[in-house]
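Below: one structure, written as structure tokens.
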Amino acid sequence: MNGQAFTVHAPGRVNLIGDHTDYAGGLALPCAIDLGISISGTHEQGRVELSSDALADTVTFDLDPAVNIALIEPQWGRYVAAVAVEVNAAQGFTASATSTLPTGAGLSSSAALEIAVALSFGFSGSPMELALLGQRAELRAVGVPCGLLDQLSIVFGRAENAMVIDFADNAIEYVAFPNDLDIVILHSGQERQLADSEYAERRASCELAAKQIGPLAQASLTDVATLEGDLQRRARHVATECERVRNAATALRNNDPITVGDLMTQSHASLRDDFNVSTSVLDELVERLNTLSGVYGARLTGAGFGGCVVALCERGAINEPAALTGRGWIVRPSDGARQRAI
Ligand code: GLA
């Protein structure tokens, strides 16, 4: 309704293990986190005006299904306009966003923005439709052919739970996250630009490999060995990463953080050596974290090429994560996105 006030919130997510598996129909173990984006404002017919405390310049445009998204400035407005097209919005809003989520850090700030914006438009479909809409908006806005990891984590997150997502059918199983563990996130200082990265190339390699040996999530190492060069290494990452997610989920259920941590560190090595999405800064950070007492394991999280590392720690092992690299957080698994009319 015109003039109606609203407020919405979308959390970011951290992926504990299982990266570059979603678009290959594999497995991941993420959770929504208590850093996120909130938008408050009032509905307004036909136009959008959105400012943000984290992003420069106000986004303003008239709602038009034929809008040329590539021309929208500032650039973050392209996410907003892409969501408007996906929602087929007639009613817009004047609103402001506040964010505690670092951008370009592998914690899904763009997906959180897309989901929060869809809710601001009054999106009223099912949670699964909301997640799929966010994925389509990402492609429309910046051309990134992402999987569903970010959007499913953000929409379906549950406080104090991690979630095992099987991307073969998008089934979600919650796993209680133990109270005596901390999830510590450290920013490497390297900004990650997913659109500029080799993300699409990695996805294409996985698709090519799957054409030759079938779904990578189920591939055996014997199947993988029939591939050559880079293709073999990409496929080996996906196949072994899915196995690590299965084992990490079992270990988390059994309250065995030592095994979860070991698997996280193995996952980092696979992302570094087989998938080639790490950087020397991320590698050094993981190594450094693993020398600290009370740290069970660490890995890059998200797409890689910079951004953040995540560590699983004994509660209180790292009290001031920001002291380690300048930017760091202790996060708790949190509820998914929500909207509230005022
Ligand atoms: C980005 C994408 C996700 C996923 C991760 C890597 O966050 O948006 O779909 O592929 O990278 O796991």
Worksheet, complete the sentence: Packing-ranked peptide list from 309-320, 273-284, highest mean Cβ count within 10 angstrom first, is 309-320, 273-284
Discussion item. Could you put F123, F177 in order of accessible surface area, largest first, with the 1.4 Å probe and the full protein assembly present?
Written reply: F123, F177
Worksheet entry | Dmax and Rg, reported as Rg then Dmax, of segment 185-342 (C-alpha, Å) | 17.2, 59
Discussion item. Keeping all protein chains in place and using 1.4 angstrom, which order do V48, V87 fall into by accessible surface area, from largest down?
Written reply: V87, V48
Discussion item. What do you get for the angle between helix 280-291 and the principal long axis of the chain? Use alpha-carbon atoms, 0 to 90 degrees, nearest ten.
Written reply: 60 degrees
Item to complete: Could you work out how far helix 199-213 tilts from the main Cα principal axis of the chain, as a 0 to 90 degree angle to the nearest 10?
Response: 50 degrees
Worksheet item: Of the heavy-atom accessible surface of the chain (probe 1.4 angstrom), what whole percent is carbon and sulfur?
Response: 48 percent
Response to the item:
Cα-based Rg then Dmax for the chain, in Å, read 19.6, 62
Item to complete: Could you provide, to the nearest whole Å², the per residue accessible area of segment 5-174 with probe 1.4 Å?
Response: 33 Å²
Practice prompt. Treating only the Cβ atoms of Lys and Arg (+1) and Asp and Glu (-1) as charged, compute the dipole magnitude of the chain about its Cα centre; round to the nearest 20 debye.
Written response: 280 debye
Worksheet entry | 5 angstrom amide H check on G297, placed H, neighbours 5+ away | L312
Item to complete: Taking the chain as the reference, fit the longest principal axis to its C-alpha atoms, fit the long axis of helix 229-253 to the helix C-alpha atoms, and give the angle between the two in degrees, 0 to 90, nearest 10.
Response: 90 degrees
Worksheet item: Could you state the number of Å between the C-alpha centres of segment 34-80 and segment 195-261?
Response: 36 Å
Item to complete: Tell me what the chain gives for mean residue ellipticity at 222 nm when only DSSP H runs of n ≥ 4 count, each as -39,500 (n - 2.57), the sum divided by the residue total, rounded to 500 deg cm²/dmol.
Response: -11500 deg cm²/dmol
Discussion item. If I build a Gaussian network model for the chain, linking alpha-carbon pairs within less than 10 angstrom, which residue out of L139, L149, L186 has the largest mean-square fluctuation?
Written reply: L139
Worksheet, complete the sentence: Per GNM of the chain with C-alpha springs under 10 angstrom, the most fluctuating residue out of L221, L231, L152 is L221
Practice prompt. Let me know the charge dipole size of segment 47-105 about its Cα centre in debye, to the nearest 20, where only the beta-carbon of Lys, Arg (+1) and Asp, Glu (-1) is charged.
Written response: 100 debye
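About the Cα centre of segment 5-174, how large is the charge dipole given +1 on each Lys and Arg Cβ and -1 on each Asp and Glu Cβ? Please answer in debye to the nearest 20. Let's see the in-between values first.
On the way: 6 positive and 19 negative charges, 16 e Å.
Once rounded to the nearest 20, the dipole reads 80 debye.
Give the ranking of T222, T240, T58 by solvent-accessible surface, highest area first, calculated with a 1.4 Å probe. Present the calculation step by step, with values, prior to reporting the outcome.
Values: T222 105, T240 35, T58 65 Å².
Correct descending sequence by accessible area is T222, T58, T240.
The values are calculated or read from the model by the stated rules, or taken from the named source; none is laboratory data. Just so you know, these numbers come straight off a predicted model, no measurement behind them. Positions of Cβ are backbone-derived with ideal geometry, glycine not excepted, and every protein chain shown enters the neighbour counts. Accessible surface is based on the protein model in full, side chains and every heavy atom, while ligands, DNA and RNA are left aside. Shrake-Rupley method; radii C 1.70, N 1.55, O 1.52, S 1.80 Å.
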